[in-house]
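Quick notes on the structure that follows.
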Amino acid sequence: MDYEHLIRQCALRNITLEILPTASDAKARVMALIADRQTVSTGGSTTLHQWGIVEALRQRNITFYDRFVPGLAGEALLAVFRQALTADVYVSGINAITADGDLMVIDKVGNRAAALMFGPKKVIVVAGKNKLVKDIESGRHRIKTVACPQNARRLGLSTPCAVTGDCAECRSPQRMCYDEIVIRGQSDPSRMTVLLVEEDGGF
Ligand code: SF4
């Protein structure tokens, strides 16, 4: 991947992209981008857990709308999703980043997709190099054959992709990709920062 090209393409889309060597650097950078006493929330993301970012946020002097509180479900969880849309900062993973800077994400409920598009004042996206793809078509292939199957298995869902490793464009009630969005850029050039790490992370 040509990082210089990717950084330039993201800049043209009003997205700031930083390349960081390690997950530990990404965690430190996320913490540096958040000020004390801000309101902060996150999208569902294996990467955020793997890289210790959720735990680090819990230690900060912030108001953390924590969607990962054990046992949080139903209306209470939806209430946190709604609070997250009003946060000063939203921290999220992503499912694919194309060589030209398109950001691709799937969602079941739509809370993460919504927050990435609008609501939180600032958005920090963290991504491992395993999320890099050539183009939209490759990104969709990655989502349908890697992200969805692996997440379905992790969550114990019985979607076709969990069984076969490929997408059947299912109508399963457990479907995790009701939303598939592509973020082409931002109207506010100060809103979104992508931290791309030269390590793998999440699915
Ligand atoms: S549509 Fe169904 S089978 Fe296809 S990726 Fe989504 S959940 Fe998996």
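Each reported figure results from applying straightforward, stated rules to the coordinates on display, with no laboratory input. Because the structure is predicted, anything quoted here is derived from the model rather than measured. Positions of Cβ are generated from backbone atoms using ideal geometry, with glycine treated the same way; all protein chains shown enter the neighbour counts.
Here are some notes:
- Coarse-grained scattering of the chain at q = 0.09, 0.14, 0.16, 0.19 Å⁻¹, given as base-10 log I(q)/I(0) from a Debye sum over alpha-carbon atoms: -0.31, -0.79, -1.05, -1.49
- Local electrostatic count, residue 88, Cβ distance below 13 Å [Lys/Arg +1, Asp/Glu -1]: +4
- Under 15 Å, Cβ to Cβ, from residue 124 - net charge with Lys/Arg +1 and Asp/Glu -1: +4
- Rel. contact order, % - alpha carbon contacts under 8 angstrom, at least six apart, segment 76-203: 34 percent
- Charge-dipole axis of the chain as Lys and Arg at +1 and Asp and Glu at -1 on Cβ define it, positive-most pick from 20, 77, 143: 77
- Remark: C-alpha extents of segment 120-192 on the principal axes read 41, 26, 20 Å, sorted largest to smallest.
- Centre separation in Å (Cα based) which lies between segment 147-183 and segment 5-23: 29 Å
- DSSP beta bridges fully contained in segment 69-164 are about 25 percent antiparallel.
- Dipole check for the chain: with +1 at the C-beta of Lys and Arg, -1 at the C-beta of Asp and Glu, and the Cα centre as origin, the magnitude is about 420 Debye.
- Selection from 98, 203, 130, by position along the positive dipole direction of the chain (Cβ): 203
- Antiparallel DSSP beta bridges within the chain, as percent of all bridges there, nearest 5: 25 percent
- For segment 70-177, the square roots of the Cα gyration tensor eigenvalues, ordered a ≥ b ≥ c, give a/c of at least 1.5 with a/b no greater than b/c, which places it in the oblate category.
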